[in-house]
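Okay, structure first, notes after.
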Amino acid sequence: MTAQHTLTAPPVQTAWPLRLLKAVVVLHVAALLFQAVTAGLLLSSSGGRALHTTSGIALAIIGLVHLVAAILVWRPGGGRASFIAPAASILVLTVVAAVLGVAGLKVLHLPLGVLLFGGGVMQLGRVMARPATA
């Protein structure tokens, strides 16, 4: 009896998607922090509302790029899909926070903003712990 052994190489993990994700997550956390700063300006200056709204739109766009980068780590990067769910959650919660803010429900909008910042920092810790090797 002869057994045929097929050796399959482990999937090759590409480094550029993880590097992209790391850069985008750093930008995302910085944008979340800037959003908190503009929330303070909203309370203290007349131009704060426009700045907070504009930075909120930018935050949603960065959240979408964050999700795309997380997907690219998985496919075609060959990495794990574990960054996708947190990125999607942060994006969805960003949209919910924007809707609550526009509706004037500060009692829900503010705690959700704090939760978003905490989630962004947690994602940053998870992403930075992964070595970007080719």
**OP:** For region 43-52, state whether one or more residues are crowded, with 19+ Cβ neighbours inside 10 Å, at pLDDT 90 or above and more than 23 Å from G125 (Cα to Cα).
**Re:** yes
**OP:** With the checklist (1) surrounded by 15 or more Cβ atoms within 10 Å (Cβ to Cβ); (2) assigned to a helix (DSSP H, G or I); (3) not acidic (D, E) in hand, flag the one item G79 doesn't pass.
**Re:** (2)
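Under the condition of being part of a loop (DSSP other than H, G, I, E, B) and surrounded by 15 or more Cβ atoms within 10 Å (Cβ to Cβ), which residue from region 1-42 is modelled with the lowest pLDDT? Can you show your working first?
Here is the first cut: in region 1-42, the ones part of a loop (DSSP other than H, G, I, E, B) are 1-14.
Add one more test, that the residue is surrounded by 15 or more Cβ atoms within 10 Å (Cβ to Cβ), and what stays is 13-14.
Details: Q13: 66, T14: 77.
Among those that are part of a loop (DSSP other than H, G, I, E, B) and surrounded by 15 or more Cβ atoms within 10 Å (Cβ to Cβ), it is Q13.
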Original post:
If V92 satisfies every condition in (1) more than 19 Å from R19 (Cβ to Cβ); (2) surrounded by 13 or more Cβ atoms within 10 Å (Cβ to Cβ) but one, which is the exception?
Top reply: (2)
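Hey, among A97, A85, A81, A103, which residue is under 25 Å from A15 (Cβ atoms) and modelled with pLDDT of 95 or more?
Values: A97 fails: under 25 Å from A15 (Cβ atoms); A81 fails: modelled with pLDDT of 95 or more; A103 fails: under 25 Å from A15 (Cβ atoms).
The conditions single out A85.
So that you can scan it fast, the table gives a plain yes or no per residue for (1) under 24 Å from R19 (Cβ atoms); (2) free of Cβ contacts under 8 Å to residues at least 12 places away in the same chain:
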residue	(1), (2)
T38	no, no
A50	no, yes
A70	yes, no
G77	yes, no
A85	yes, yes
H109	no, no
G120	yes, no
**OP:** Among what's in region 88-103 and is more than 18 Å from the chain's Cα centre (by Cα) and free of Cβ contacts under 8 Å to residues at least 24 places away in the same chain, pick the residue that is nearest to L115 (Cα to Cα).
**Re:** L100
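The values are calculated or read from the model by the stated rules, or taken from the named source; none is laboratory data. Because the structure is predicted, anything quoted here is derived from the model rather than measured. In this analysis, Cβ positions are derived from the backbone assuming ideal geometry, glycine residues included, and neighbour counts consider all displayed protein chains.
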